[in-house]
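Peer 1: Below you'll find the structure I mean.
The values are calculated or read from the model by the stated rules, or taken from the named source; none is laboratory data. Since this is a predicted model, take the numbers as computed values, not measurements. Neighbour counts run over all protein chains shown; Cβ positions are idealised from the backbone, glycine included. These accessible areas exclude ligands, DNA and RNA; they are computed on the full protein's heavy atoms, side chains included. Shrake-Rupley method; radii C 1.70, N 1.55, O 1.52, S 1.80 Å.
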Amino acid sequence: MTTDEFQNKFNGAVGKYRLNGLSITRLDMKDSSEQGTGTFEYVFNDELRLVGAVNADKSIQEFRLYATGDTRKPTGGIYMTAIATLILTTNSQYSYNDAQDVIQDMRLLDRDVNQSDFDGATVRNGLEYRFSVQDHEHSTFEITVAK
């Protein structure tokens, strides 16, 4: 999927499920001319940003959603909504319930999770979905091709 296709699918999921406040207006592209690859970034707010890697053929290789804030507190609604929207974007046949299943499979919704060093992952349709906590202020949700 190209960055334009990604943006259209992401915004389509936002509209379909009425996920207000998440629409992507314009991805900030950065090219690395030496390798023919690049990255893109979108800042949702001061605490949430999306970064992706793009191959030489302009297809997206991976996504990372970075959040800042106290990881010992429950994950905020906008962050969980962005995670679900990214899952929906990468699996056009998924429903919102399917996205919630992926989140559940990562153990992100478990009550006995140690938030200080959490690292949960699941693989679906050749993609790995991973949520991890780096420290008390930073967490990451990423989607990569499963190895």
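Peer 1: For segment 124-141, give me each residue that is modelled with pLDDT of 90 or more and surrounded by 15 or more Cβ atoms within 10 Å (Cβ to Cβ).
Peer 2: Matches in segment 124-141: ARG124, LEU127, GLU128, TYR129, ARG130, PHE131, SER132, THR140, PHE141.
Peer 1: Any idea which residue in segment 18-67 is modelled with the lowest pLDDT, counting only those that are buried (at least 17 other Cβ atoms within 10 Å of the Cβ) and assigned to a loop (DSSP other than H, G, I, E, B)?
Peer 2: LEU19
Condition check ((1) touching a Leu at 6+ places or on another chain (Cβ under 9 Å); (2) modelled with pLDDT of 80 or more; (3) surrounded by 13 or more Cβ atoms within 10 Å (Cβ to Cβ)) across all residues:
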residue: THR75; (1), (2), (3): yes, no, yes
residue: THR90; (1), (2), (3): yes, yes, yes
residue: TYR94; (1), (2), (3): yes, yes, yes
residue: ASN97; (1), (2), (3): no, yes, no
residue: ASP117; (1), (2), (3): no, no, no
residue: THR122; (1), (2), (3): no, yes, yes
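Peer 1: Also: Determine, yes or no, whether MET1 is farther than 28 Å from HIS136 by Cα, at pLDDT below 90, open to solvent by 40 Å² or more (accessible area, probe 1.4 Å) and more than 13 Å from the chain's Cα centre (by Cα).
Peer 2: So MET1 does not fit the description; no.
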